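Structure record follows, encoded as structure tokens.
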Amino acid sequence: MMVTVNLAKGALAMAKKKVIVKKLPAIQNLGAINILCTDKTGTLTQDRVFLEHHVDIIGNTSEEVLNYAYLNSYFQTGLKNLLDRAVLEHVDLNVDECRLVDELPFDFQRRRMSVIVEYEGDNVLICKGAVEEIYSCCTHYQIDEEIYPLIDMIRADLFEEVEKLNREGFRVLGLAYREFPTEKKVFTTADESKLILLGYIAFMDPPKESAREAVELLTKAGVQVKVLTGDNGLVTGKVCADV
């Protein structure tokens, strides 16, 4: 009876914090926690993503990168995620002269997605996704209007710019493209090859103001906090440092 009364008292205390306790023994388990595993996005962070940078491969702001990112996010027909919405909210471009030709939806094996848009007299495949996956599809890169071969030594140098953005807490996606004649109307993932690396778009998901206090209280209670996330390790380290 003593144990039950104490557990019930704990359940009432939790109810005042707007927590429903379905099974009384859960109170004892909650009190015994010494490690708490938490998600990052939407738990430690605000889950409100903002497009902060649109840059070419050497880190200079690029309107062409922004244009291609906008076309990719605007014309995809699948469910638009937070990153797509952030791009569309960042700028409002006139796409009346463009037309969607085909689409290669995102999947977790490729970790990228492409739209093919009729744009400036060509069918342009615009591919957006994880930087490593975009690199694997590219044979050339573009700086200003010049296009150069993408050799392995250059790939390593280019990734330094991505790591720099990651360390600053930005989530980075790569952007590449390839032009096809307008006669080609049907596309497959095999066409995601021989692409030209154009640049990067970088997003910020700021930490919640309440996260620091919550982690501090857990630490005082003897609870270690572990973050489980599918996000980039450098980005996660920056967010945890900020919190």
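The values are calculated or read from the model by the stated rules, or taken from the named source; none is laboratory data. Please read these numbers as outputs of a predicted model, since none were measured by experiment. No Cβ is skipped: glycine too gets one built from the backbone with ideal geometry, and neighbour counts run over all protein chains shown. Remember, those area values only see protein heavy atoms, side chains included, never the ligands or the DNA or RNA. Shrake-Rupley method; radii C 1.70, N 1.55, O 1.52, S 1.80 Å.
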- Note on the structure: Residue hits (the stretch 53-69; open to solvent by 80 Å² or more (accessible area, probe 1.4 Å) and either in contact with a His (Cβ under 9 Å, 6 or more places away or on another chain) or within 16 Å of R112 (Cα to Cα) (or both)) are T61, E63
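Any residue in the stretch 213-226 that is among the acidic types (D, E), open to solvent by 20 Å² or more (accessible area, probe 1.4 Å) and part of a loop (DSSP other than H, G, I, E, B)? Reasoning before the result, please.
Narrowing the stretch 213-226 to residues among the acidic types (D, E): 213, 216.
Subset that is open to solvent by 20 Å² or more (accessible area, probe 1.4 Å): 213, 216.
Okay, now just the ones that are also part of a loop (DSSP other than H, G, I, E, B), so none.
The answer is no, given that none of the residues of the stretch 213-226 is among the acidic types (D, E), open to solvent by 20 Å² or more (accessible area, probe 1.4 Å) and part of a loop (DSSP other than H, G, I, E, B).
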- Hey, Q28 at negative phi, touching a residue at least 40 places away in the same chain (Cβ under 8 Å) and out of contact with any strand residue (DSSP E or B) (no Cβ under 6 Å at 6 or more places or on another chain) or not: no
- Query: When both residues are 6+ apart or on different chains and their Cβ atoms are under 8 Å apart, which pairs have a first residue that lies in the stretch 38-51 and is at positive phi, and a second that is surrounded by 14 or more Cβ atoms within 10 Å (Cβ to Cβ)?
  - Reply: D47/T41; D47/L82; D47/D205
- Item | Residues of the stretch 224-236 classified as touching a helix residue (DSSP H, G or I) at 6+ places or on another chain (Cβ under 9 Å) and more than 16 Å from Q46 (Cα to Cα), total | 5
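Residue under question is F75, and the condition is that it be more than 30 Å from G237 (Cβ to Cβ) and among the aromatic types (F, W, Y); does it hold? Spell out the reasoning first.
Details: more than 30 Å from G237 (Cβ to Cβ): yes; among the aromatic types (F, W, Y): yes.
Here the answer is yes, as F75 does meet what is asked.
Among N72, N34, N81, which is surrounded by fewer than 16 Cβ atoms within 10 Å (Cβ to Cβ) and under 17 Å from the mean Cα position of the chain (by Cα)? Talk me through it step by step, then tell me what you get.
Details: N72 fails: surrounded by fewer than 16 Cβ atoms within 10 Å (Cβ to Cβ); N34 fails: under 17 Å from the mean Cα position of the chain (by Cα).
Criteria check complete, one pass: N81.
Identify, from the list I20, I27, the residue that is more than 19 Å from the chain's Cα centre (by Cα) and open to solvent by 60 Å² or more (accessible area, probe 1.4 Å).
After applying the criteria, what remains is I20.
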- Using beta carbons and a limit of 6 Å, which pairs, at least six apart or on different chains, have the first residue in the stretch 214-243 and over 27 Å from L173 (Cβ atoms) and the second one among the small types (G, A, S) and open to solvent by less than 50 Å² (accessible area, probe 1.4 Å)? none
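Per-residue answers, yes or no, for (1) farther than 24 Å from V49 by Cβ; (2) open to solvent by 50 Å² or more (accessible area, probe 1.4 Å); (3) in contact (Cβ under 8 Å) with a residue 12 or more places away in the chain:
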site: R112; (1), (2), (3): no, no, yes
site: G121; (1), (2), (3): yes, yes, yes
site: V131; (1), (2), (3): no, no, yes
site: A156; (1), (2), (3): yes, yes, no
site: L165; (1), (2), (3): no, no, yes
site: F180; (1), (2), (3): yes, no, yes
site: K184; (1), (2), (3): yes, yes, yes
- Message: Here is a check on your reading of the model: is E192 surrounded by 13 or more Cβ atoms within 10 Å (Cβ to Cβ), acidic (D, E) and more than 24 Å from H90 (Cβ to Cβ)?
- Response: yes
- Only one of D107, D47 is under 30 Å from K184 (Cα atoms) and at pLDDT below 90, namely D107
